[in-house]
There are 2 protein chains.
Amino acid sequence: IAKEVAKLLEMKAQLGTDEGKHKFVLKTPKGTRDFGPKEMAIRERAFKAIISCFKRHGAEVIDTPVFELKETLTGKYGEDSKLIYDLKDQGGELLSLRYDLTVPFARYLAMNKITNIKRYHIAKVYRRDNPAMTRGRYREFYQCDFDIAGQFDPMIPDAECLKIVHEILSDLQLGDFVIKVNDRRILDGMFAVCGVPDSKFRTICSSVDKLDKVPWEEVRSEMVGEKGLSPEAADRIGEYVQLHGGLELIERLLQDPKLSQNKVAKEGLGDMKLLFEYLTLFGITGKISFDLSLARGLDYYTGVIFEAVLLQQENEHVEEAVSVGSVAGGGRYDGLVGMFDAKGRKVPCVGVSIGIERIFSILEQRLEASEEKIRTTETQVLVASAQKKLLEERLKLISELWDAGIKAEMLYKKNPKLLNQLQYCEETGIPLVAIVGEQELKDGVVKLRIVATREEVSVRRESLVEEIRIRTSQC
Amino acid sequence: IAKEVAKLLEMKAQLGTDEGKHKFVLKTPKGTRDFGPKEMAIRERAFKAIISCFKRHGAEVIDTPVFELKETLTGKYGEDSKLIYDLKDQGGELLSLRYDLTVPFARYLAMNKITNIKRYHIAKVYRRDNPAMTRGRYREFYQCDFDIAGQFDPMIPDAECLKIVHEILSDLQLGDFVIKVNDRRILDGMFAVCGVPDSKFRTICSSVDKLDKVPWEEVRSEMVGEKGLSPEAADRIGEYVQLHGGLELIERLLQDPKLSQNKVAKEGLGDMKLLFEYLTLFGITGKISFDLSLARGLDYYTGVIFEAVLLQQENEHVEEAVSVGSVAGGGRYDGLVGMFDAKGRKVPCVGVSIGIERIFSILEQRLEASEEKIRTTETQVLVASAQKKLLEERLKLISELWDAGIKAEMLYKKNPKLLNQLQYCEETGIPLVAIVGEQELKDGVVKLRIVATREEVSVRRESLVEEIRIRTSQC
């Protein structure tokens, strides 16, 4: 019978093997990737900087399910809706994977009737986009969102969002960057005075949004050709969207004979001026550019919009520099929560999303170039033995150390060679080795070896924990 | 035109409203939930304890995508496969949401040809099960997995997994618990000597697995009725599965005339004995029970299996006690990685999964009962003003504090009342208020108010950061 069992298990393993040989493809789904220990170490470093910034600004944290009712996402993303992942209908509700963290946040606010919150949310979102993994564009990727919801005096929360982007990008030392700022009201006003029919505002806005990737000529021909805008209107837009600057540009546009006559544009420009005043107090206008070509794709923005872009480094020492692009974006969306409320009650919101995957790509490439060795564990000490038959003693000692809160490892062998144990420490960066031997056991001591210097000291067993703590807090 | 824009926006908002009124259901998908700031604070507390234990044992961390190729999950979960969430076929690969973290881990090892790793992975998994949310059973839930992969001397990594469960459950102070241990080889041997045909091993194993929920009589009638086992075989199984104990039971079974003749059972019992020796060295046998009724549902286990169960408290001061159940489980799965390898190369693995949702439920209920007030932010100081027209001064000061790494908030109002500002601190637990006023500005000082004592001190502006650090490190 035992043989039969073994045969059965064998057959089962075979089955697995055969499948593997013939058709099974061993991979992660398209546009996704695993994070190994090294990538995780980098990822956690970046998250730490971002979370500590969000907490510095007093944010709470929330989490929502990875999928939502399909209808929750319907009608929020404009042309991008086709990129949403749906779940199979297996009976029950129709579900979709979240496309961003903003719509789930709005749903959360409406559902819980929250009118006032400052929260962050770090989680994966899903888009059936064309992946470009070397440039950090994935189908499953993290977003790090910070949002302020509530009815407040104008531009104070908006300014804080920009301050946060500035702090995070500075802190991560990603090189020079600029944060482009615009306002949907200024865009809408501009479209109006240029003679764009109301019905074409959103689609023309999508065209303008492409200006960071393609030249004006192409965008213009899309507007006129595909979208049926008059050439004159397109040319008028062309004049505006090349403008970018600071306070002086805002002042100039407030005097612009056409724009200043448009109510929403004027509101937007007034708020933009106020925003720049607050950013001046924060001392960050040096990296802010009021840019009339910034449009942002999503439907739900209603006011200020912004996007942070890394600038190409002149003396980039990395050979294959990650192609430069947007690393953060956000804006004001005062209508979104109301879309979920039965009575349409609005909760004004403004927020920022850090596009962490591009930042990972840059940090990874930089680490590779620097040849810095990154530790993937925090182990303080390896419990080792120089002689045979000491497994039990090693188990006893390591158990003592764990119970005292020391981070300790041992090799899972009955009689490991000392050399192998020391090599393991070299490879993994463990700084200390606690060696038990017959003599040490008799004397009530443990030999503590400092891996870096090869120095060995004899430590009384009852002082070992304290000694390890002292020695590892130094390094 | 401006009017037209406003009208358009109005219409859009209306549209959202009408949808909301008529058919839109505002909820999270069945079996899922949001985590608000309070729940997140509890969750992060539990994660911290678990992660610090995993790190104490020298684990690296990895992450994998939330979905896998459908075929990656095929044939790994036995009867539970029907609970897997599939994604809709939108062109391209067929995908499923991960059901656990073990199969993705095995896929990761095979794909990267890793034969040796100790890693943890904390992430959400998905099961289309019948949710019982009050008892912490969800369709989307976290698993906290720790696994050791590699060819090692027997039972050393297995013992460490049990030590980890013991450490985490002790650390979280969830009350008394027992860790049941068994071995698939002992079960298989037992089935063989009881006269179960080989082909019925797995399905009879599933029946045994129900013994923690339903009485033996029911399980027996399922075996005999539905699964066609002979009543004599069932009765023989019935005698074995009521056995539980420690080393003395292992010794007794090693002498059992039938079981000791079965090769796999003997191997399993020999290893069980070794395991108990190591657990004795770890000093944790008091909470370990060798239990022949433990079967575990999943197909992929090949050796030691275990499950931790909370025991009912006698003097439970919580009125509605969370119903007691399994909070951790795991075992050895030496064949799973080989199923993914084209050449069937095996990587022996053993691991443990902490079922954190039940733990959250318990911690949440306990917190509610205790009326402890949990802080959801870490804000150290509120930047406030007593007079009007000091928004700019508040912005300047808060910016200085943020840049110095102080966690600071302010109200987003031009002229907030001092009382409202103080109330905000009381509500959210912010311990300090930095008050700017005309006089303070002239004198180059800031008034620092300690919320708890209402004491106020005058601090020179250049010493403010240091003063806040000192005062908040004390509390």
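The values are calculated or read from the model by the stated rules, or taken from the named source; none is laboratory data. Since the structure is predicted, the reported quantities are computational estimates derived from the model, not experimental observations. With ideal geometry, Cβ positions are generated from the backbone for all residues, glycine too; neighbour counts draw on all protein chains shown. Surface accessibility is based on the protein's heavy atoms, side chains included, excluding ligands, DNA and RNA. Shrake-Rupley method; radii C 1.70, N 1.55, O 1.52, S 1.80 Å.
Note that segment A:413-475 presents 59 Å² accessible area per residue, ligands and nucleic acids not counted, probe 1.4 Å.
Sites listed here are GluC sites (Glu not before Pro) in segment A:376-475 whose DSSP assignment is loop and whose Cβ has at most 12 other Cβ atoms within 10 Å: A:GLU455. The mean of 1/r over all distinct Cα pairs in segment A:37-369, once inverted, gives the Kirkwood hydrodynamic radius of 20.8 Å.
Can you bin the protein assembly as shown into rounded, prolate or oblate? Criterion: square roots of the alpha carbon gyration tensor eigenvalues sorted a ≥ b ≥ c, rounded for a/c under 1.5, prolate for a/b above b/c, oblate for the rest. In terms of gyration-tensor shape, prolate.
Note on segment A:36-131: the C-alpha convex hull projects to 8.5 nm² when averaged across all orientations. The relative contact order of segment A:37-369 comes to 23 percent, based on Cα pairs under 8 Å that sit 6 or more residues apart.
Taking amide H atoms as placed 1.01 Å from N in the peptide plane, the amide H of B:ASP334 lies under 5 Å from those of B:THR302, B:GLY303, B:CYS349, each 5 or more residues away in sequence or on another chain. For the protein assembly as shown, a crude dipole built from +1 on the beta carbon of Lys and Arg and -1 on the beta carbon of Asp and Glu, taken about the Cα centre, is about 560 debye to the nearest 20. Using θ = phi - 60° in the Karplus curve 6.51 cos²θ - 1.76 cosθ + 1.60, the 3J(HN,Hα) couplings for segment A:375-388 round to 7, 10, 10, 10, 3, 8, 8, 9, 8, 10, 9, 9, 10, 7 Hz; x is entered for Gly and Pro.
Treating each Cα of segment A:381-473 as one equal point scatterer and applying the Debye formula with no solvent, the log10 of I(q)/I(0) at q = 0.14, 0.22, 0.23, 0.26 Å⁻¹ comes out as -0.42, -1.15, -1.28, -1.68.
Distances between placed amide hydrogens fall under 5 Å for B:ARG119 paired with B:GLU60, B:ASP147, B:ALA149, all partners being 5 or more residues away or on another chain. For A:LYS414, the label point sits 7 Å beyond Cα toward Cβ; its separations from the matching points on the remaining copies run 8.2 nm, from shortest to longest. Note on segment B:240-276 and segment A:110-162: Cα centroid distance 56 Å, given to the nearest whole angstrom. For chain B, the longest principal axis of the alpha carbon atoms and the long axis of helix B:418-428 meet at an angle near 10°. Across segment B:77-233, the convex hull enclosing all Cα atoms gives 188 Å³ per residue. Gyration tensor over the Cα atoms of segment A:327-416: the corresponding equivalent ellipsoid has semi-axes (square roots of 5 times the eigenvalues, largest first) of 54, 22, 9 Å. With respect to chain A, whose longest principal axis is taken over its alpha-carbon atoms, helix A:102-111 is tilted by about 90°. The packing ranking, built from the mean of other Cβ atoms within 10 Å per residue, places the peptides B:204-216, B:49-61, B:223-235 in the order B:49-61, B:204-216, B:223-235, highest first.
Can you tell me what share of the DSSP beta bridges in segment A:372-465 is antiparallel? A percent to the nearest 5 is fine.
Antiparallel bridges: around 55 percent, rounded to the nearest 5.
Of all DSSP bridge pairs formed entirely within chain A, close to 80 percent run antiparallel.
Among the trypsin sites (Lys or Arg not before Pro) in segment A:389-456, those located in a DSSP loop and surrounded by at most 15 other Cβ atoms within 10 Å of their own Cβ are A:LYS389, A:LYS413, A:LYS414, A:LYS417, A:ARG454. Helix B:2-22 axis versus longest C-alpha principal axis of chain B: approximately 40°, rounded to the nearest ten. What you get for segment A:302-433, charging only the Cβ of Lys and Arg (+1) and of Asp and Glu (-1), is a dipole of about 800 debye around the Cα centre. Surface composition of segment A:381-473: carbon plus sulfur atoms contribute 48% of the solvent-accessible area (1.4 Å probe, protein chains only, all chains present). For segment B:37-369, which whole percent of the accessible surface, found with a 1.4 angstrom probe, sits on carbon and sulfur atoms? Using a 1.4 Å probe with all protein chains present, segment B:37-369 comes out at 48 percent carbon and sulfur.
Projecting the Cα atoms of A:LEU395, A:MET339, A:SER199 onto the dipole axis of the protein assembly as shown, where Lys and Arg carry +1 and Asp and Glu carry -1 at the beta carbon, places A:SER199 farthest toward the positive end. Positive-end ranking of B:PRO416, B:PHE67, B:ILE51 along the dipole of chain B, with charges on Cβ about the Cα centre, is headed by B:PRO416.
Shown for A:GLU277: label points 7 Å from Cα along the beta-carbon vector, and their distances to the equivalent points in the other copies, 8.0 nm in ascending order. In the assembly of identical copies, B:GLU226 has its label point, taken 7 Å from Cα in the direction of the beta carbon, separated from the corresponding points by 5.6 nm (ascending, one decimal). Our note on the geometry: Cα centres of segment A:28-80 and segment A:337-374, 7 Å apart. Computed from protein heavy atoms with a 1.4 Å probe, the total accessible area buried between B and A is close to 10100 Å².
In the structure shown, the pairs A:LYS396/B:LYS266; B:LYS76/B:LYS124; B:LYS82/B:LYS343; A:LYS118/B:LYS414; B:LYS373/B:LYS447; B:LYS414/B:LYS442 are assessed against 23 Å; a Cα-Cα span above that value is assigned to A:LYS396/B:LYS266; B:LYS82/B:LYS343; B:LYS373/B:LYS447.
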